[in-house]
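Only the coordinates and a few stated rules stand behind these numbers; no lab work does. Keep in mind that this is a model prediction, so the values were computed, not measured. Using ideal geometry, Cβ is built from the backbone for each residue, glycine included, and neighbour counts are taken over all protein chains shown.
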Amino acid sequence: SAVISQKPSRDICQRGTSLTIQCQVDSQVTMMFWYRQQPGQSLTLIATANQGSEATYESGFVIDKFPISRPNLTFSTLTVSNMSPEDSSIYLCSVSMLDSNQPQHFGDGTRLSIL
Amino acid sequence: DAKTTQPPSMDCAEGRAANLPCNHSTISGNEYVYWYRQIHSQGPQYIIHGLKNNETNEMASLIITEDRKSSTLILPHATLRDTAVYYCIVRGNAGNNRKLIWGLGTSLAVNP
C-alpha cells in the first residue's frame, strides 16, 4: 500500500492563527481525503480533495474554515483557519484508488492543540 | 450515522484468538464490510474487507454470516501489539455510499 507522510506531526498554535497541514504520498493516487478526529471521538470526514478543482466538503465543513489544495496526484494540503480551542483535534489524510473496492489508507495524522 | 454496531470494549488473553463481532443488519447487497484498527497515537490501519465470502489475509480472518447481517473479525493469535480500537465499517461502491462512516469501534485490550 501507499506510504503517506503528514507534516507537521503535531503543533501547538495560538487562537486566531492558521496552520497548513501537508500530505505527501509516495505514489499517484486517485482519491485523497481529509478527516478530523476530536479527542475521544471517531473519525469525521471533512472533505474529498479533488485534483485540479475545488474540494468536496461534507455537511458542517466549509471552504473558508478548511481550505484544501490538491495540485497533483501525490500531494494535498489542508489549512485550519482562524483557529479556536474547539479545533484541537487530530487531522488525518487518507488515500485510495478509484476502484470502488480499494480500501483507504491513512497517514499517522497531525495532532493540533490550540491555546 | 454509522451502519454498524460493535461492543465498546473487549478483553483477550495473549496468544488466544480474539473474535470481534459486528452487527450490520441494514447492509445492502452491494455494500462491503471493512475492518480497520487504530493503535494509540497512530492513524487507522486497514485490516481486511469482504462482500459475502469469508476472507483471510496475513493479519486476520473475516467471517460474514450467510444473511450478511453480521460479521466477525478473528485475530488468530493475539499479541500485546494488537491492543487497539477496531472499527467495522459498511461501505458501498457508488456516490455518497462510498464514504467511510466511522462509529466508535471496539477497544480491544490484549492482556499478558
Checklist outcome for this item: Karplus ³J(HN,Hα) for the stretch B:12-22 (6.51 cos²θ - 1.76 cosθ + 1.60, θ = phi - 60°; Hz, whole; x = Gly/Pro) runs 8, 7, 4, x, 8, 6, 9, 10, 9, x, 8
Next on the checklist: Give the lysines reachable from B:LYS3 as a straight Cα distance under 21 Å; neighbours fewer than 8 places away on the same chain don't count.
Outcome noted: B:LYS52, B:LYS69, B:LYS99
Checklist entry - Unpartnered cysteines of chain A (Cβ-Cβ under 4.7 Å counts as a partner)? => result A:CYS13
Item to check | Kirkwood-based Rg to Rh ratio, the stretch B:12-63, C-alpha trace | outcome: 0.99
Checklist entry - On full extension of the chain, what length is gained from A:GLN14 through A:SER81, given 0.36 nm per residue of separation minus the C-alpha to C-alpha distance? => result 23.0 nm
Next on the checklist: How high is the relative contact order of chain B? Use alpha-carbon pairs under 8 Å, at least six apart in sequence, and give a whole percent.
Outcome noted: 37
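Pairs of Cα atoms under 8 Å, at least six residues apart: use those to get the relative contact order of chain A, whole percent. It would help to have the intermediate numbers written out before the result.
Values: 283 pairs, mean separation 41.8, N = 115.
Relative contact order for chain A comes out at 36 percent.
Between A:SER5 and B:SER28, what FRET efficiency follows from the Cβ-Cβ distance if R0 is 41 Å, with the result rounded to 0.05?
Efficiency, from the Cβ-Cβ distance: 0.70.
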Item to check | For chain B, cysteines whose Cβ has no other cysteine Cβ within reach (under 4.7 Å) | outcome: B:CYS12
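Among DSSP beta bridges lying fully in the protein assembly as shown, give the percent that are antiparallel, nearest 5.
Within the protein assembly as shown, antiparallel bridges account for around 85 percent of the total.
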Checklist entry - How much net charge surrounds A:ASP108 when only the other residues with a Cβ under 13 Å from the Cβ of A:ASP108 are counted, with Lys and Arg +1 and Asp and Glu -1? => result +3
Item to check | Rg/Rg_globular for the protein assembly as shown, with Rg_globular taken as 2.2 N^0.38 Å and Rg from C-alpha atoms | outcome: 1.03
Next on the checklist: Run the reach check for A:LYS65 against lysines, Cα to Cα strictly under 20 Å, same-chain hits fewer than 8 apart removed. What comes back?
Outcome noted: A:LYS7
Item to check | Filtered GluC sites (Glu not before Pro), the stretch B:4-91: DSSP coil and at most 16 other beta carbons within 10 Å | outcome: B:GLU14, B:GLU58, B:GLU66
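How many percent of DSSP beta bridges within chain B run antiparallel, rounded to 5? Numbers along the way, then the final one.
Numbers: 28 of 33 bridges.
Of the beta bridges lying entirely in chain B, close to 85 percent run antiparallel.
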Next on the checklist: Charges at C-beta only: +1 for Lys and Arg, -1 for Asp and Glu. How large is the resulting dipole of the protein assembly as shown about its Cα centre, in Debye rounded to 20?
Outcome noted: 160
